1. Quote to one decimal, in nm, the extra length available between Ser124 and Leu182 on full extension: 0.36 nm per residue of separation minus the C-alpha distance between them.
2. Looking at the chain as a GNM with Cα springs under 10 Å, which of Leu177, Leu140, Leu123 has the largest mean-square fluctuation?
3. Evaluate the charge dipole of the chain about its Cα centre and quote only its size in Debye, nearest 20, assuming +1 on the Cβ of each Lys and Arg and -1 on the Cβ of each Asp and Glu.
4. Using only helices, what value at 222 nm comes out for the chain when you add -39,500 (n - 2.57) per DSSP H run of length 4 or more and divide by the total residues, to the nearest 500 deg cm²/dmol?
5. Counting only other residues whose beta carbon sits under 14 Å from that of Thr38, what net charge do I get with K and R as +1, D and E as -1?
6. Give, as a single signed number, the net charge of other residues whose beta carbon lies under 13 Å from the beta carbon of Asp154, with Lys and Arg counted +1 and Asp and Glu -1.
7. Using the Cβ atoms and a cut-off under 12 Å, what net charge is assigned to the surroundings of Pro132, where Lys and Arg are +1 and Asp and Glu are -1?
8. Testing the spin-label approximation: label points 7 Å from Cα along Cα→Cβ at Glu66 and Lys12. State their distance in nm.
Amino acid sequence: MADKKICPICNKRRAERYCPAKGEKICAIDCGTEREVTIDCPIDCGYLIAAHRWEQSHPKPLVESEVPFPEVSFPSDLIHTRETLLSGLGYTVIIYAADQRSLVDLDVFTAVQAMAETRRTLLSGIYYEKPPAYPVAAGLYAALAKFIEKEKKDAAEHPEFSAWKDTDVFHLLVFFLRFGRLRSNGRSRTRAFITFLRTLIPTETPVAKEESRIILP
């Protein structure tokens, strides 16, 4: 017992799990409580992968107070009729995440919420834009804005395609935000939703994978 190393986080329990983010062993309890909170876990950590699998098999509904834009409702068939455009939002996120390795789910939600707010003001006849203050989230906001405007322009130039309605754009953003919240776990540094998008949406060009930060003990 005396030669067992003590966890450097709590300084109480035995360190039994190797943490690739910290480069040393920590205790199982701190691995569970600090994961994706104070510890910036690499996506290829075995404990993180196992935790995400468990979370996906035991989904929790959003509590009413956490539902984005709770007053907003839209046609149930919107997601099917605009599936390609919805996939485009996800594609934009994963392409941006490939260049911005620090991007976490919270940044995605901040950017999408801000974009949805912008589109809602447009529906009222007043265009008011307030991008996120944090640079990484602001960059994604700009990428989403560019994607939306490009798709609207392409649709306008091709009459055979149905045009983007501003109402549809707003509703799709709200749905995407709600869906993301459901697929995430609420931890401040989690990338669970981003990782899920990578498995859900195929990309035509290879998306750079996060370089492994696992250091062999």
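1. Net length gain for the segment: 18.0 nm.
2. In this elastic network of the chain, the residue with the biggest mean-square fluctuation among Leu177, Leu140, Leu123 is Leu123.
3. With only Lys, Arg, Asp and Glu charged at Cβ, the dipole is about 980 debye.
4. On the way: 8 runs with 109 residues, N = 217.
Here the helix-only value at 222 nm equals -16000 deg cm²/dmol.
5. Neighbour charge sum, excluding Thr38 itself: 0.
6. Net local charge, Asp154 excluded: 0.
7. Combined, the nearby Lys, Arg, Asp and Glu give -2.
8. Result for the modelled spin labels: 2.5 nm.
Values quoted throughout were computed directly from the atomic coordinates according to the rules given, and no laboratory measurement underlies them. In this text the structure is predicted, and so the values were computed from the model without any measurement. Positions of Cβ are generated from backbone atoms using ideal geometry, with glycine treated the same way; all protein chains shown enter the neighbour counts.
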